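Participant: What follows is a structure written as structure tokens; I'll ask about it next.
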Amino acid sequence: MRLRRTSTAAAAALLLAFLCGCRQKMAEGDLYDLPAALRSGLPYPVLQWKIITTEVDRNTCTMATLFGDDAAVEAARAGIAYPAGAVLGLVTWRESEDPHWFGARIPGRPVSVEFVIVGRGVDETFTGTPWREAPGSMAEQIRQMRPTPVP
């Protein structure tokens, strides 16, 4: 009786593995989220940095990721003020449906890429694309969370 149950379970597992392996091979373009790719020529390699936080805004159907260089990530993880020269990059994408997972949302086309370079003292320096802030936006929240300058 025990042997029969074991062989039935093994046969079912083998059949399931066979059926899962018999799907159509995906095209190379289907493996990558090409519409979400950022254009070349950005001043910083933002997609090679580590992630500090993410946000999904259901009202505007966008998703944003705040990236940081090594100095910014170390400060964020330690909960201390960003050091002068640290660089943050906020990338915002329009959401799109994931063709491989029902109900899942993935980044679509990029909406904006913004950079902040932390300066010293009162005369903090900000470079990059101009910020277009909307009440409650991720950019406004980041601006309000900006650490106090270190003298």
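Participant: Select from the range 61-71 the residues that are buried (at least 19 other Cβ atoms within 10 Å of the Cβ) and in contact (Cβ under 8 Å) with a residue 24 or more places away in the chain and write down the one among them that is nearest to residue 84 (Cα to Cα).
Facilitator: Per the criteria, the residue is 69.
Participant: Just to be sure I understand the filter: pairs with C-beta atoms under 9 Å, separated by 6 or more residues or on different chains, first member in the range 100-120 and at positive phi, second member of a type outside the set (A, V, I, L, M, F, W, C) and assigned to a strand (DSSP E or B). Which pairs pass?
Facilitator: 103/97
Participant: Still on this structure: Looking at residue 97, is it of a type in the set (D, E, K, R) and at pLDDT below 90?
Facilitator: Criteria met by residue 97.
Per-residue answers, yes or no, for (1) buried (at least 16 other Cβ atoms within 10 Å of the Cβ); (2) modelled with pLDDT under 95:
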| position | (1), (2) |
| --- | --- |
| 41 | no, yes |
| 45 | no, yes |
| 50 | no, no |
| 54 | no, yes |
| 59 | no, yes |
| 76 | yes, yes |
| 79 | no, yes |
| 82 | yes, yes |
| 85 | no, yes |
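Participant: Which one is farthest from residue 65 (Cα to Cα), of the residues in the range 100-127 that are of a type in the set (S, T, N, Q) and at pLDDT below 85?
Facilitator: 125
Participant: Please determine whether any residue of the range 128-148 is of a type in the set (Val, Ile, Thr), at pLDDT 90 or above and within 20 Å of residue 52 (Cβ to Cβ).
Facilitator: No; the residues of the range 128-148 include none that is of a type in the set (Val, Ile, Thr), at pLDDT 90 or above and within 20 Å of residue 52 (Cβ to Cβ).
The values are calculated or read from the model by the stated rules, or taken from the named source; none is laboratory data. The shown structure was predicted, so the numbers you read here are calculated from the model rather than taken from an experiment. Using ideal geometry, Cβ is built from the backbone for each residue, glycine included, and neighbour counts are taken over all protein chains shown.
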